[in-house]
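Undergrad: There's a structure below that I have some questions on.
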Amino acid sequence: MSNIDQSDTLVLGDRPVKRLGYGAMQLAGPGVFGPPKDRQAALAVLREAVATGVNHIDTSDFYGPHVTNQIIREALHPYPDDLVIVTKIGARRGEDASWIPAFSAEDLTKAVHDNLRNLGLDVLEVVNLRAMFDVHGPAEGPLEEQLATLAELQRKGLIRHIGLSNVTRKQIADARKIVPIVCVQNQYNLAHRADDVLVEDLARDGIAYVPFFPLGGFSPLQSSTLSDVAAQLGATPMQVALAWLLHRAPNILLIPGTSSVAHLRENLAAADLVLPAQVLTALDGIATRVDHG
Ligand SMILES: NC(=O)c1ccc[n+]([C@@H]2O[C@H](COP(=O)([O-])OP(=O)(O)OC[C@H]3O[C@@H](n4cnc5c(N)ncnc54)[C@H](OP(=O)(O)O)[C@@H]3O)[C@@H](O)[C@H]2O)c1
């Protein structure tokens, strides 16, 4: 039985959330496109997450598209008071399942309304602007106009807080001159550590860092060190990977994704896992720390 309260809480925007949350991307069909194979199983994962204490769910209306948000609504609406649903905008899906930048003011406004409608909400708690200059990783490019659009939607009361995803340090610094940024969601895990310094800088500035692909995403983490450590601790490699992230910095919020109740339970139990110092040293050695910005 997991006790995710042990993962303590962090304020996201102005709402306290448990550090172990849930990422809903895996609830759509293969390739994050179309309906899931088993809709009842998807509903069960969400209900189990909330029943176990999860109060932070990450989603987007471009998962499916629309499908994941509609499943969240069906499973959980009316939402518990403490539940914070974070969404992201900035892309749309082609008929061939491609990911297409959708960055005009009209696109972004439509995306906010799509999220509101499909989630059954009057206001979105946190909206991440997902940069799409390179779909696979952060790349420089201006975000000023898009942030101005989000700020306007915030003024209209449709968005409470704004975050960024797939962004560079420069984009974060520039954005913060325009609007308060409450979280950054970039790819980061035991083996992919390009944001090492950024995580620490954001911690100092009180901004949440929410790593996507915490378990490796489409290429699950594989490492003999990770497997050895997990065996030694009587845990699974995925639990160790999540516990390492929780330990990595106090501003990290986790949103591991899964379509399986069994994996969900396993992941949430990572909150109880204590990593001794020599284990942390071994895990830190899996990837080289990246010290440049
Ligand atoms: N901002 C962005 O650009 C961006 C990009 C990608 C994702 N995200 C967000 O980040 C969240 C997390 O990322 P993710 O779901 O793509 O990747 P992830 O959490 O790193 O890994 C998910 C994968 O790991 C498997 N898995 C989960 N728990 C497992 C376990 N205990 N044992 C074995 N396999 C396990 C899942 O398969 P099963 O379904 O079989 O468990 C799935 O294939 C997403 O849900 C989404 O909300 C954001």
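Undergrad: Name the residue that is nearest to the chain's Cα centre (by Cα), counting only residues in region 255-279 that are of a type in the set (S, T, N, Q) and near the ligand (Cβ under 6 Å from one of its atoms). Write out each step before concluding.
TA: The initial filter retains those residues of region 255-279 that are of a type in the set (S, T, N, Q), namely 258-260, 267, 278.
If we keep only those that are near the ligand (Cβ under 6 Å from one of its atoms) too, we end up with 258-260, 267.
On the way: Thr258: 12, Ser259: 15, Ser260: 17, Asn267: 14 Å.
Only one residue tops the list, namely Thr258.
Undergrad: Suppose we keep only residues that are part of a helix (DSSP H, G or I) and open to solvent by 70 Å² or more (accessible area, probe 1.4 Å) within region 198-235. Which one would you say is farthest from the ligand (Cβ to nearest atom)?
TA: The initial filter retains those residues of region 198-235 that are part of a helix (DSSP H, G or I), namely 198-204, 224-233.
With open to solvent by 70 Å² or more (accessible area, probe 1.4 Å) added as a condition, the list becomes 204, 224, 228, 231-232.
Numbers: Arg204: 23, Ser224: 17, Asp228: 17, Ala231: 15, Gln232: 18 Å.
Among residues in region 198-235 that are part of a helix (DSSP H, G or I) and open to solvent by 70 Å² or more (accessible area, probe 1.4 Å), the one farthest from the ligand (Cβ to nearest atom) is Arg204.
Undergrad: To continue, here is another question. If a residue has to be open to solvent by less than 10 Å² (accessible area, probe 1.4 Å) and closer than 18 Å to Val135 by Cβ to count, how many in region 62-86 make the cut? Before the answer, list the steps.
TA: First, pick out the residues of region 62-86 that are open to solvent by less than 10 Å² (accessible area, probe 1.4 Å): 64, 68-69, 71-72, 84, 86.
Checking which are closer than 18 Å to Val135 by Cβ leaves us with 64.
Of the residues in region 62-86, 1 are open to solvent by less than 10 Å² (accessible area, probe 1.4 Å) and closer than 18 Å to Val135 by Cβ.
Undergrad: I would also like to ask the following. List the pairs whose first member sits in region 170-181 and is basic (Lys, Arg), whose second member is outside any helix (DSSP H, G or I), and whose Cβ atoms are under 7 Å apart, counting only residues at least 6 apart or on separate chains?
TA: Within 7 Å, the pairs are Lys170/Glu140.
Undergrad: On to the next question. Which one is nearest to Ala277 (Cα to Cα) among residues in region 241-252 that are more than 11 Å from the ligand (Cβ to nearest atom) and hydrophobic (A, V, I, L, M, F, W, C)?
TA: From region 241-252, those more than 11 Å from the ligand (Cβ to nearest atom) are 243-244, 246-252; that's our starting set.
Checking the rest, the ones that are also hydrophobic (A, V, I, L, M, F, W, C) come to 243-244, 246, 249, 252.
Values: Ala243: 13, Trp244: 11, Leu246: 14, Ala249: 15, Ile252: 19 Å.
Checked region 241-252; the qualifying residue nearest to Ala277 (Cα to Cα) is Trp244.
Undergrad: Then there's this: Filtering region 123-172 down to residues that are closer than 15 Å to Leu198 by Cβ and outside any loop (DSSP other than H, G, I, E, B), which residue is nearest to the ligand (Cβ to nearest atom)?
TA: Taking the candidates together, the pick is Ser165.
Undergrad: Then there's this: What are the residues in region 178-197 that are open to solvent by 10 Å² or more (accessible area, probe 1.4 Å) and either farther than 23 Å from Arg155 by Cα or part of a helix (DSSP H, G or I) (or both), if any? Before you say what the answer is, go through the steps one by one.
TA: The first filter runs over region 178-197 and keeps only residues open to solvent by 10 Å² or more (accessible area, probe 1.4 Å), leaving 178, 180-182, 187, 191-195, 197.
If the condition is that a residue be open to solvent by 10 Å² or more (accessible area, probe 1.4 Å) and either farther than 23 Å from Arg155 by Cα or part of a helix (DSSP H, G or I) (or both), then Gln187, Ala191, His192, Arg193, Ala194, Asp195, Val197 are the ones that fit.
The values are calculated or read from the model by the stated rules, or taken from the named source; none is laboratory data. Keep in mind that this is a model prediction, so the values were computed, not measured. A quick note on method: Cβ atoms are made from the backbone with ideal geometry, for glycine too, and the neighbour counts reach across all protein chains shown. Just the protein is used for accessible areas: all its heavy atoms, side chains included, with ligands, DNA and RNA removed. Shrake-Rupley method; radii C 1.70, N 1.55, O 1.52, S 1.80 Å.
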